[in-house]
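Before any comments, here is the structure.
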């Protein structure tokens with residue numbers, strides 16, 4: 001059974017810092033990996049989707065990498081801003097079904 | 001498009017009562033997913049539909065849970081009878097074409113409290 005782990009569970013940084021969030025998964029037979037953002041009391045917003053054949057995806061200040069063979073992904077946030085404060089979740093989906101497995105998330109706080 | 005719309009946003013009920021959660025997916029999306037989020041278990045897939053047909057309901061915890069999708073623009077998740085352990089945030093999500101292999105679009109969720 002696929003297990004997705006995110007470290008750290010919480011992170012607090014001063015505004016302007018670059019930071020890295022980590023995601024690991026136990027079964028490398030994935031179709032793709034998505035990073036989501038969740039604000040308190042809200043649903044999830046998809047930030048980046050990396051296909052299994054890709055190594056990274058970029059959107060603005062966000063860069064996500066994928067090393068499928070080692071079962072790891074990172075989300076890099078450059079020049080963090082208070083508006084980046086949220087919980088970030090990674091999720092993987094296997095080849096043979098639509099059962100997306102989520103990590104527990106990293107709660108990020110960016111202090112002004 | 002207004003996105004995925006869920007109602008109600010909050011539901012407080014007493015144990016034993018029937019609860020119905022509603023979802024309107026994004027127009028044109030072929031897949032609809034129901035998830036449950038709790039502190040203890042995180043996000044779990046309950047059931048998903050493709051073209052209004054239930055494909056996988058293996059995540060539905062018990063027979064007390066049922067889901068329907070009578071047409072492409074509406075789905076319900078029903079709990080009867082409800083129990084305190086059903087308290088959670090229930091999310092609906094939709095996507096196009098190949099289901100969860102595409103970007104998922106989530107609703108704002110229904111916060112369910114069973115007393």
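Between segment B:1-49 and segment A:18-69, how far is it from one alpha carbon centroid to the other, in angstrom?
The two parts, judged by their Cα centres, are 23 Å apart.
Working out 0.36 nm times the residue gap between residue B:7 and residue B:58, then minus their Cα-Cα distance, what length gain in nm do you get to one decimal?
Length gained between residue B:7 and residue B:58: 16.0 nm.
At a Förster distance of 41 Å, what's the computed FRET efficiency of residue B:71 paired with residue A:17, Cβ-Cβ distance as r, to 0.05?
Rounded to the nearest 0.05, the efficiency is 0.25.
Which percent of Cα pairs goes in each bin when the distances of segment B:1-66 are cut into 10 angstrom slices starting at zero?
Bins of 10 Å from zero give 17, 47, 32, 4 percent of pairs.
Between segment B:53-99 and segment A:72-89, what is the C-alpha centre distance in whole Å?
30
Per-residue mean of other chain beta-carbon atoms within 10 angstrom of the beta-carbon, peptide B:36-49?
Average per residue, whole number: 3.
Name all residues of segment B:6-50 having a backbone nitrogen under 15 Å from the label point set 7 Å from the Cα of residue B:113 along its Cα→Cβ direction, giving them as ranges.
Label zone hits: B:9-15.
May I ask you to compute the full-extension gain from residue B:51 to residue B:80, defined as 0.36 nm times their residue separation minus their alpha-carbon distance, rounded to one decimal in nm?
Gain in length upon complete extension: 7.9 nm.
For segment A:8-112, with equal point scatterers placed on the C-alpha atoms only and solvent neglected, what are the log10 I(q)/I(0) values from the Debye formula at q = 0.18, 0.23 1/Å, to two decimals?
-0.82, -1.26
Each value in this text was obtained by applying a stated rule to the coordinates, not by laboratory testing. From a predicted model like this one, the values you see are computed outputs, not experimental measurements. For neighbour counting, all protein chains shown are included, and Cβ atoms are generated from backbone atoms with ideal geometry for every residue, glycine included.
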